[in-house]
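For reference, the structure is listed below as structure tokens.
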Amino acid sequence: MPASVKVLTIKVLDIPNATITVNGINDRGQVVGKFSDPNGTPHGFVYEADSFVQVDYPNMSDINLYKINNLGQFVGSVTDTNGVVCGFFYDRGTLSPPFSLMAGGGTYAYGINNRGEIVGTFYGGTGSKGFIYKAGQFLAPNLPGALQTSFQAINDAGEVAGISVDAKGTHGIVYIESAGLFTTQFDFPGVTTTYPQAINGAGQLGGECTAPNGKTFPFISLAGSLTRVTIPNAPNGASILGINARGQVCGNFIDANQVIHGYIAALAL
């Protein structure tokens, strides 16, 4: 496998006078994320055809949009008036009521597939736990030996990308929902954390690793191997937070002046 995957094209996503985070991309090239305006107020956004559409949730704060499916449905999190982080989803012009899986704890809806199945993470007194919402039910699978888990994305085959934390560190995991099984934990060689953030219909993963120097770099999985992706003009770190079936990824990078940018890139897969 190559030491690094070649970036064919890259489009930098910036909003004037705002700090942007790019989190997810679907097969249509629609992108979701959040930005903070000059007053520091967060807003969600959907990006398509060179245009940003602002998304806000009435009477809620700290909105963030994480993933979007091919139907234009997206998921995210908001903070309610009691300071509790709740998950939500959007479907055909309607924002769902916010939901929380643990009293006083935070609930984040991180991923959604084309079947409307949602994955995410809830936090409580013992740490984090990954969940799946399917057919009107919430499921929270147990991974033996893990102190914490987090589910980040799900594809139409029910393959879930996420992380586990144990006594040895933070590892990547894939949960096969149809079989009710976790794959073997995996780590990118020579790093301190391996953090899958996205999975496409072919089961290719995208994510980020933390190097010993504290900087992050992105990776994807190709033919069962984890391969580094080098994002141009990103000497201070980069991430992949979304991947689609067209070989496009999205995420963020930090330039030489410590400025954070969003991006969409086409890879030579």
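The values are calculated or read from the model by the stated rules, or taken from the named source; none is laboratory data. Keep in mind that what you see is a predicted model, and the values were worked out from it rather than measured. Cβ placement follows ideal geometry from the backbone for every residue including glycine, while neighbour counts extend to all protein chains displayed.
Observations on the model:
- Any hit, the range 138-159, residues being closer than 18 Å to residue 4 by Cα and not basic (Lys, Arg): no
- Subset of the range 202-222 (residues that are outside any strand (DSSP E or B), in contact with a strand residue (DSSP E or B) (Cβ under 9 Å, 6 or more places away or on another chain) and small (Gly, Ala, Ser)): 203, 211
- Residue match in the range 23-45 (condition: assigned to a loop (DSSP other than H, G, I, E, B) and of a type in the set (A, V, I, L, M, F, W, C)): no
- You will find that of 203, 169, 158, the residue that is more than 19 Å from the chain's Cα centre (by Cα) and at positive phi is 169 and no other.
- The residue of the range 47-76 that is surrounded by the fewest Cβ atoms within 10 Å (Cβ to Cβ), among those that are among the hydroxyl-bearing types (Ser, Thr, Tyr) and closer than 16 Å to residue 242 by Cβ, is 47.
- Total residues in the range 46-55 satisfying the condition of being assigned to a loop (DSSP other than H, G, I, E, B) and among the charged types (D, E, K, R): the figure is 1.
- Candidate set from the range 89-100 (those that are of a type in the set (A, V, I, L, M, F, W, C) and more than 24 Å from residue 207 (Cβ to Cβ)); member that is surrounded by the fewest Cβ atoms within 10 Å (Cβ to Cβ): 99
- Scope the range 1-46; condition touching a Pro at 6+ places or on another chain (Cβ under 8 Å), touching a residue at least 24 places away in the same chain (Cβ under 8 Å), surrounded by fewer than 19 Cβ atoms within 10 Å (Cβ to Cβ) and within 16 Å of residue 261 (Cα to Cα); matching residues: 10
- All told, residue 157 falls short of being of a type in the set (A, V, I, L, M, F, W, C), surrounded by 14 or more Cβ atoms within 10 Å (Cβ to Cβ), assigned to a strand (DSSP E or B) and modelled with pLDDT of 95 or more.
- Meets criteria (surrounded by 19 or more Cβ atoms within 10 Å (Cβ to Cβ), under 18 Å from residue 121 (Cβ atoms) and touching a residue at least 40 places away in the same chain (Cβ under 8 Å)) for residue 163: no
- Within the range 160-181, tally of residues that are modelled with pLDDT under 95 and either among the aromatic types (Phe, Trp, Tyr) or assigned to a loop (DSSP other than H, G, I, E, B) (or both): 6
- For the range 56-96, the strands (runs of 3 or more DSSP E) that sit wholly inside it and include 1 or more residues that are of a type in the set (Lys, Arg) and out of contact with any helix residue (DSSP H, G or I) (no Cβ under 7 Å at 6 or more places or on another chain) are 61-68.
- Residue check, residue 138 modelled with pLDDT of 95 or more and either surrounded by 16 or more Cβ atoms within 10 Å (Cβ to Cβ) or out of contact with any His (no Cβ under 9 Å at 6 or more places or on another chain) (or both): no
- Of all residues in the range 77-88 being surrounded by 18 or more Cβ atoms within 10 Å (Cβ to Cβ) and not hydroxyl-bearing (Ser, Thr, Tyr), the one that is farthest from residue 139 (Cα to Cα): 78
- Looking only at residues of the range 102-126 that are surrounded by 13 or more Cβ atoms within 10 Å (Cβ to Cβ) and at pLDDT below 90, we find that the one that is nearest to residue 80 (Cα to Cα) is 105.
- Candidates 197, 204, filtered to the one that is surrounded by 23 or more Cβ atoms within 10 Å (Cβ to Cβ), in contact (Cβ under 8 Å) with a residue 40 or more places away in the chain and within 17 Å of residue 240 (Cα to Cα): 197
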